[in-house]
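**Q** First the structure, then my questions, so here it is.
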Ligand code: B3K
Ligand code: ZN
């Protein structure tokens, strides 16, 4: 495998000013004719035009109209070098591609009879030969021809400038994109689709046309995506002064798609699951995800498209920033819906959701063989680097800038960024330089967040000097070694701190030497290996509340006893930390039970813990969404990473015990909560209602786990009479997760109701493979069910959503069943990875990653996993995608 290094970047000697594309679509022999206006780059040493190309047939290449002599063309691995003379040249290329057999879903491919493209990161080179790099920005004019019957709708980026009939039942459309763009933002759609459309006036008074394109039967599921798009448009105008720059903006839903969605200029292509929603088919969580993905892709129009990345190492420049923007947007939407009083809590609920993702996926990534800085130093396959680190940690890095510079400072930095770099392909340094210049702040040390991998550990120690009324807080930081980075320098870590008095109230904070009190939450800037702060004038010993709002992506270590955690669970004024205190408490309880199990001891859930949960659950001053988060146990996948060595079987036993104790021990309050939180009236997607439904579904989950018969019957009734998917699926999940007979029957009913609905079938697959066995000695392992579902009519290995639902959910979401002591789960895993890799390396690679942290497991499991990793690694013809993952895992 070839490794590409960040330091090797060099601009190309030739770039492309304009592209004229003619694409004659045909299932097996699509003809692509492209004419490139090539321009010599005056600042670069002379050299040939570099054209990347893969998996297609080169039919013809002309230079300034004449067929190029073979002496001018050098074929090299992955493309061509073409000798050009002078400063400008017109290069025309004809290629043939076969979309019907393109199972990679990268480049031009077919889905349900239609044609779609996916070009990020390097898919354009599978359509035509091109200098397929993000630093080559060109103007595109595109003519598409296709069979009118099969593909009545022909779309590409920008504006429609011409269309009409052709012979033989074909027709054409011509599109022109007024903005220069890198090839990864090119898109084409040709299919049988219908659309929902709206006209809107932008902030400067321009009329724009918004469209959501879907297959005919799905028009009644497009409204939410459209509303989300309109809200995104308005938010970017208000929050950042950024306006839609095109006359037309389109979203297209496609059933076969490798990831979530793609921000192609003016023509966003979406995985159907992030577009389609109707109350009876989509849950509250689906509605929320759709809103944020629509927003994310829309926001890329400025952060990503108008200003793009110079090279793929800079990916976080657009992704971290755009995730930060979509997170802020969602928080604002939730706060708006909650009204003034509930706004802070609503924002915290969003923050908690985001941090859960970060701590589960990104912290795990940082602790394994794929650990990399948000700006990686090298890669073998760029598609492997669309990671939680680049996206989620990248967003945390932007959030820290926002915290350090303040809202105004941050905003002036962004304004400067657009004023300097609009229309350019730039680097992360360019971005941070703008932040520094706009605010006058030195951000040199901050740049370490871009170059050092790993999750910093911040250790806190407090000392109370009773006689002086002083609290001395010492913070130290340590960044563990990661592959290729044995030693690290201290980073700049903003730590938001509050001190709580014995009555649970925040104390006013003043540092020694300060003349005034500066509020009740202060941001400490930890930049050294160890630093100390002295808080003065305190009337009594405080309880520290550190890293409020999760002000930095670090692991915080602090010695707190159970009482202290329960106290903060009940009193911390920072809702994030209130939740976090409960999670720390729960983690302690579950992991100590797992240890008890390993030592053959009896499992007892401490009454004090149950009481703490009871108080939270009964606290009516807390809104429902927050209570649902605060009373939920940490995810099993997260806890497994916290357990060393990781033993999924004993963790599962402990989880079962805690679930059961929380259900049975708190049955009265769960039943009351279930009753009190009922939502009446027709379904609407509203965060307030969603919070109540979430809390009710959580109640069912615990009650069923606790074997509370009234809970089981409530769940049965809710499943039967639910008027929306959130309630229907929540009840079914409660029954299935605990391995009840009612759950098994429910799955049958659910199947017969929704068998024709692909997206709902994904839920059906995912749920049953995540189920826990009630009695493992009596029941067949879930693995048997996963294996047999591979042959189910509704399943398909070539549809990524199906693979993620069935295999992804099992490998990642059901560790207690996947990691069977006899290793049979791993052999199954290896077979699937090898099978998938032959058709779709990107999907295979994602599945391969589910075992990368194998060295954290107990030794007997490690041996089994290693032999399967080795089996995959030695497979002939392995893709660079999977080979990079297993190679690094075994290194
Ligand atoms: N930029 C795309 C991701 C492309 C992934 C390519 N393997 C979606 C997004 O982040 O918005
Ligand atoms: Zn993105």
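None of the figures in this text is laboratory data; all of them are computed from the coordinates on show. Computed from a prediction, not measured in an experiment: that's the story for all the values here. Don't worry about glycine lacking a Cβ; one is built from the backbone with ideal geometry, like all the others, and counts go over all protein chains shown.
**Q** What is the percent of Cα-Cα separations in segment 148-200 that go past 12 Å? Each step should come with its number before you reach the end.
**A** On the way: 976 of 1378 pairs.
Summing the P(r) of segment 148-200 above 12 Å gives 71 percent of all pairs.
**Q** One quarter of the convex hull surface, Cα atoms only: what value does that give for segment 770-891 in nm²? Intermediate results must be reported in sequence, preceding the final value.
**A** Values: hull surface 29.8 nm².
Mean shadow area of the hull around the Cα atoms is 7.4 nm².
**Q** Right, another one. Using only the alpha carbons of segment 427-474, what is the convex hull's orientation-averaged projected area in square nanometres? Before the final figure, lay out each step's value.
**A** Values: hull surface 21.8 nm².
In nm², the orientation-averaged hull projection of segment 427-474 is 5.4.
**Q** For segment 74-139, what D do you get in µm² per second when you plug the Kirkwood radius from alpha-carbon pairs into Stokes-Einstein at 4 °C and 1.567 mPa s? It would help to have the intermediate numbers written out before the result.
**A** Working: Rh = 13.7 Å.
Taking Rh from Cα pairs, D becomes 94 µm²/s.
**Q** Next question, about the same structure. Mind checking Rg over Rh on segment 600-748, alpha carbons, Kirkwood formula for Rh? Mind dumping the intermediate values first?
**A** Working: Rg = 15.6 Å, Rh = 16.0 Å.
When Rh is taken as the Kirkwood radius, the ratio is 0.98.
**Q** Okay, next question. Let me see the pair-distance distribution of segment 158-271: every alpha carbon pair, 5 Å bin width, integer percents in order.
**A** 2, 10, 18, 22, 21, 16, 7, 2, 1, 0, 0
**Q** Based on the mean of other beta carbon atoms within 10 Å per residue, what is the order of 381-394, 21-34, most packed first? Mind showing how you got there, number by number?
**A** Details: 381-394: 23.4, 21-34: 18.3.
Most protected by this proxy first, the peptides run 381-394, 21-34.
**Q** Quick check: residue separation of residue 835 and residue 515 times 0.36 nm, minus the Cα distance between them. What number comes out in nm?
**A** On the way: separation 320, 0.36 × 320 = 115.20 nm, distance 6.82 nm.
Roughly 108.4 nm would be gained on extension.
**Q** What do the square roots of 5 times the Cα gyration tensor eigenvalues come to for segment 381-489, in whole Å, largest first, as semi-axes of the equivalent ellipsoid?
**A** Values: eigenvalues 199, 100, 25 Å².
Over the Cα atoms of segment 381-489, the semi-axes work out to 32, 22, 11 Å.
**Q** Hey, another quick one. Would you please give the FRET efficiency between residue 778 and residue 487, computed as 1/(1 + (r/R0)^6) with r the Cβ-Cβ distance and R0 = 41 Å, to the nearest 0.05? Let's see the in-between values first.
**A** Working: r = 53 Å, r/R0 = 1.28.
So, using R0 = 41 Å, E works out to roughly 0.20.
**Q** Something else now. Determine the principal axes of the Cα atoms in segment 509-630, then give the extent along each, sorted from largest to smallest and rounded to whole angstroms.
**A** Between the extreme Cα coordinates on each principal axis of segment 509-630 lie 56, 38, 29 Å.
**Q** So, one more: Plugging the Kirkwood radius over Cα pairs into Stokes-Einstein for segment 232-363, at a temperature of 25 °C and a viscosity of 0.890 mPa s, what D comes out in µm²/s? Don't skip to the answer; put the middle values down first.
**A** Values: Rh = 15.9 Å.
Stokes-Einstein gives a translational diffusion coefficient of 155 µm²/s.
**Q** For 296, 402, 675, which order do you get if you count the other beta carbons within 10 Å of each Cβ and list the fewest first? Don't jump to the answer; show the numbers that get you there.
**A** Working: 296 26, 402 19, 675 11.
With the sparsest Cβ surroundings first, the list reads 675, 402, 296.
**Q** How much of the pair distance distribution for segment 309-451 lies past 24 Å, counting alpha-carbon pairs only, in percent? Intermediate values should be presented prior to the final figure.
**A** Numbers: 3583 of 10153 pairs.
The calculated P(r) of segment 309-451 puts 35 percent of pairs beyond 24 Å.
**Q** Moving on. At q = 0.13, 0.14, 0.18 Å⁻¹, what is the base-10 log of I(q)/I(0) for segment 521-563 according to the Debye formula with one equal point scatterer per Cα and no solvent? Please give it to two decimals.
**A** Normalising to I(0) and taking log10 leaves -0.38, -0.44, -0.74.
**Q** Once you wrap a convex hull around the alpha carbon atoms of segment 618-685, what is its projected area averaged over all directions, in nm²?
**A** Values: hull surface 25.6 nm².
Computing the convex hull of the Cα atoms and averaging its projections yields 6.4 nm².
**Q** Between segment 119-151 and segment 22-44, what's the alpha-carbon centroid distance in Å?
**A** 8
**Q** Expressed as an acute angle from 0 to 90° and rounded to the nearest 10, what is the orientation of the C-alpha long axis of helix 687-705 relative to the principal long axis of the chain?
**A** On a 0 to 90 degree scale, this one is about 60.
**Q** Continuing with the same structure: Could you let me know the centre-to-centre spacing of segment 355-388 and segment 637-681, using Cα atoms, in angstrom?
**A** 29
**Q** Okay, moving on. To the nearest 10 degrees, how steeply does helix 575-598 sit against the main Cα axis of the chain, on a 0 to 90 scale?
**A** 80
**Q** Quick check: residue separation of residue 890 and residue 505 times 0.36 nm, minus the Cα distance between them. What number comes out in nm? Before the final figure, lay out each step's value.
**A** Working: separation 385, 0.36 × 385 = 138.60 nm, distance 5.13 nm.
Full extension from residue 890 to residue 505 adds 133.5 nm.
**Q** Follow-up. How many angstrom separate the Cα center of segment 855-875 from the Cα center of segment 759-787?
**A** Distance between centres, Cα-based: 24 Å.
**Q** Here's a follow-up. Pairwise over distinct Cα atoms, reciprocal of the mean inverse distance: report the Kirkwood radius of segment 445-550 in Å, one decimal place. Each step should come with its number before you reach the end.
**A** On the way: mean 1/r = 0.0669 Å⁻¹.
Every distinct Cα pair counted, the radius reaches 14.9 Å.
**Q** Something else about it: Rounded to the nearest 500, what is the chain's calculated 222 nm mean residue ellipticity when only DSSP H runs of at least 4 contribute -39500 (n - 2.57) each, over all residues?
**A** Numbers: 27 runs with 355 residues, N = 891.
Result for the chain: -12500 deg cm²/dmol, rounded to the nearest 500.
**Q** Also, quick follow-up: Just round it to a whole percent: the fraction of Cα-Cα distances in segment 723-836 exceeding 17 Å. Don't jump to the answer; show the numbers that get you there.
**A** Working: 3434 of 6441 pairs.
The answer is 53 percent, as a whole percent.
**Q** Okay, next question. Counting other beta carbons within 10 Å of each residue's own, what order do 300, 224 fall into, fewest first? Walk me through the numbers before you get to the answer.
**A** Details: 300 25, 224 21.
The fewest-first ordering by Cβ neighbours comes to 224, 300.
**Q** Let me ask something additional. Let me check the size of segment 53-199 from its C-alpha atoms; what are the radius of gyration and Dmax in Å?
**A** 16.5, 54
**Q** Calculate how steeply helix 709-721 sits against the longest principal axis of the alpha-carbon atoms of the chain, using the helix alpha-carbon long axis, and give the answer as 0 to 90 degrees to the nearest 10.
**A** 30
**Q** A further question follows. Suppose R0 equals 51 Å. What FRET efficiency, 1/(1 + (r/R0)^6) with r the Cβ-Cβ distance, do residue 561 and residue 444 give to the nearest 0.05? All intermediate terms of the calculation are to be shown ahead of the outcome.
**A** Numbers: r = 40 Å, r/R0 = 0.79.
The calculated FRET efficiency here is 0.80.
**Q** Grab the Cα-Cα distance for residue 278 and residue 422, subtract it from 0.36 nm times how many residues apart they are, and report the gain in nm with one decimal.
**A** Working: separation 144, 0.36 × 144 = 51.84 nm, distance 3.85 nm.
So the chain would gain 48.0 nm between residue 278 and residue 422.
**Q** Take the Cα atoms of the chain, build their convex hull, and give its volume per residue in Å³.
**A** On the way: hull volume 150.8 nm³, N = 891.
Each residue corresponds to 169 Å³ of Cα convex hull volume.
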